Every structure is written in structure tokens, then in C-alpha cells.
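Notes follow the structure.
The values are calculated or read from the model by the stated rules, or taken from the named source; none is laboratory data. Worth saying up front: this structure is predicted, and the values here are computed from it rather than measured. Counting neighbours? That spans all protein chains shown, and the Cβs are built from the backbone with ideal geometry, glycine included. Ligands, DNA and RNA are stripped out before the accessible areas are found, and what is left, the full protein with its side chains, is counted by its heavy atoms. Shrake-Rupley method; radii C 1.70, N 1.55, O 1.52, S 1.80 Å.
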Amino acid sequence: MTLDTDWVKAWMTAAAAVIDEHKHELNTLDREIGDGDHGENMDRGLRAVVVALDKLPEDTAPGAALRSIAMTLISTVGGASGPLYGTAFLKAAEPVGDAESIDDPAIVAMLAAARDGIVSRGKAEAGDKTMIDAWTPAVSAAASAQEDGASAADILREAADAAEAGAVATEPLIARKGRASYLGERSIGHRDPGAQSTALILRAAAETAADE
Ligand code: ADP
Ligand code: MG
């Protein structure tokens, strides 16, 4: 099974729906350790992404669709997370190249490139209580699922499961990057909003891949 531009569009439509559904929860998480706008930021960005993807020509390749997502997120999300998610999608497009579809090794390469892009942009390390703490376990889980010969949907399901666990595991951590780092030890006991939105977005990827 391979994933194509229709999947990229379905993924973003599902991601926009799930972020809309969880907007208040993400705002609440961000209110606890930040400024309370993460749900709002992501909701605005993903709505714009769906509109922009809809306007792309029929024959747009998946890599080009990923670049369109990146540009839209950079220009609409704002905050720290806009450039970070934007860089993630921009970098994710690189291993996909001009291919008509995203094969299983490319799914893993795409997730790894997204994670590496966020790291190079935001300089967060594992355990700094950021979205990286969802992305890094997701990449590892996707890579081992792919090595075991899992289907595209199962690779993404493993990634989403690991991202969810990673988001939960940010709760006891002290934030060392972004706005939450201003709180120091007072950030303990709260889940990182960007790690939570990452888990939601990767879950949408897995669910739409399972429908392909
Ligand atoms: P802002 O902090 O500007 O209000 P958002 O609320 O939209 O932006 O996003 C906050 C999220 O961004 C955090 O929960 C965290 O996951 C992520 N984040 C912030 N700084 C970094 C960084 N340097 N590296 C990785 N992720 C980061
Ligand atoms: Mg915020």
C-alpha cells in the first residue's frame, strides 16, 4: 500500500477536524504552562491548510502538497509552533521528492525529517518538554514497525501510539524550551500542548492511512 496526494489531503482534513474538536483542551494545556493560544493557533492554521490544499491542481505530487502545508502553517499559525510545524512539513517533503506516492521507507524518512527539522529550528532536546518528546518516540516506533514489514497504516498507527505516550510522558518534565520554560519547576505536572497536538495530528495520519 502506498500513500498519495489524496491521502495527504485526507490527513489534513482529518487533522483539522480533530484539532477543532480538541481546540479548547489544547488552549487549556497552553494556559497552564504558556499563553493559552495553542489550540487557537493550530485550528487557524489547519483550517487554512485545508483551503489551500483544495486549490492545488489535480496532478499535484504529495511532496508539493507537503510544501504547501508548510507554507500555509508558517504564514497562519504564528507563535512558536507555526515555524516549527512549518519546518516539519517543509523537511518532510524532502525525502518524498517528486514521487507520485509515499512508500513505506519514505513514511519513516518523512517523519524523521520532520522531527529533525523541528530540532534544527527549535534546538530542543529529548526531555525538554516540547513537541519533540512526541515526535522522537513516533519516529523510533515508525522505523521499527517498518523494519518489521508493517503496512503504511500500521507504521503510522505505531507512530501515533508512541506520540500519545510521549505526550503523556511530558507531564512530569521541567520545560526547558519555549514559553513554558519561564515557569521552571512550576511546569511539572502539566502536559506539553505541542506534544499533544503532535499526537492528534499523527493519529489523523494513521486513521486516514487505514482508510486508503
Ligand atoms: P507560543 O508558545 O508562541 O504561544 P504555541 O502555544 O502555539 O506558541 O506553541 C507552544 C508549543 O510549541 C509548546 O507546547 C512546544 O511543544 C512547542 N515549542 C516551543 N518552543 C519549542 C522549541 N524550541 N522546540 C520545539 N518545540 C517547541
Ligand atoms: Mg501559546
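Note on segment 181-199: residues that are open to solvent by 20 Å² or more (accessible area, probe 1.4 Å) and among the aliphatic types (A, V, I, L, M) total 2. Taken together, Gly97, Gly117, Gly78, Gly34 contain a single residue that is open to solvent by 10 Å² or more (accessible area, probe 1.4 Å) and away from ligand 2 (no atom under 16 Å from the Cβ), which is Gly97. Scanning segment 9-30 for residues that are open to solvent by 40 Å² or more (accessible area, probe 1.4 Å) and within 13 Å of ligand 2 (Cβ to nearest atom) yields one hit, Thr28.
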